[in-house]
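Have a look at this one before I ask anything.
The values are calculated or read from the model by the stated rules, or taken from the named source; none is laboratory data. What you see is a predicted model; the values in this text were computed from it and never measured. We place every Cβ from the backbone using ideal geometry, glycine too, and count neighbours over all the protein chains shown.
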Amino acid sequence: MDNTIQVLVVEDDADIQELICHHLEKEGFSTIRVSDGQSALNYVKDHFVDVILLDLNLPKVSGIEVLKTIRYSYQMNTHIIIVSARTDETDIITALELGADNYLPKPFSPKVLVASVKALFRRSRGMKESSVEEKDKHIVIGSLSIDLLRYEVMFEGRVIALSVTEFSLLTFLASFPGRVFTRNQIITELKGDDYPVTQRSIDVQIASLRRKLKEAGELIQTVWGIGYSFQDKVL
C-alpha cells in the first residue's frame, strides 16, 4: 500500500486512536491524529487527506457537525468513515444521509476497519485511472450532466455537491440506462464483494442522492423487490 495515502483519525479516546493508527500504519498508511472536532475542521481546511475516520462523540464540535461542515460548507468529497459507539439506526441513517461513506460500530474489528479504508481508496483510484483512459467522460441526459474527469454533476446549469459515494452511485446507474441492478450488485460494483456494508445503506444513499438532484432524482427509479434503475428520459 502506498504510504502517501493520508488518513485523518478523529478520535478523543487515546487508546482507540492508538489502536486504529497502529493497524493502519502496519498496512503502510500515513496517519494524522486529532482528538476533537474543531481540530479536525481546522486541519482539513488547510491540508489534503484521502480518508477521514470520524468518531461522533467528540469534544468542542460533534462528529455530525464535522461531517455536515465538510460536506456542505467546505463541499469536500473526501472519503469519510464513521467509527462510533452509537449504534442506533437513527444515528447511522443520519450519518449516511449527510454523506458518510460507511459506518462502523464500536467495538470494531481492526481488520474490518483497514479493509474498509482500502476498499474506499481502491475504488477511488480505479475510477481515476479509468477516467484518464477514456476520451469522452461525459454523461448527458437532458439537463443533467455528469463530468467524470472533473467529478462534477450539474443540473439545469447548477452544480450539485455530492459525496464520493453518491457520485460513484449516480455514475454507475447512469452508465447503464434502463438496466435494473439489485442492491447487492450495486454494492459489489461500488465497493467490491468484500466490502462490509448493508443493503440498507444503499437505500439511504439513493434517498440522499434523489434529494440533492431534486427534479433529476426522478431518473432513479425503484424496482420493487429487486433494486434500482436509471431511466434515460429527458426532463
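Given (1) at pLDDT below 95; (2) outside the structural domain of Phe155 (by TED's automatic domain parsing), where does Gly142 come up short, assuming only one miss?
Of the numbered conditions (1) at pLDDT below 95; (2) outside the structural domain of Phe155 (by TED's automatic domain parsing), the odd one out for Gly142 is (2).
Based on this model, can you work out whether Gly99 counts as under 21 Å from Leu162 (Cα atoms) and in a loop (DSSP other than H, G, I, E, B)?
So Gly99 fits the description; yes.
Restricting to the stretch 74-99, and then to whatever is surrounded by fewer than 19 Cβ atoms within 10 Å (Cβ to Cβ) and of a type in the set (Val, Ile, Thr), can you tell me which residue is nearest to Asp203 (Cα to Cα)?
Ile93
I'm trying to understand the selection: among the residues of the stretch 11-38, which are buried (at least 19 other Cβ atoms within 10 Å of the Cβ) and of a type in the set (Gly, Ala, Ser)?
Residue satisfying the conditions is Gly37 alone.
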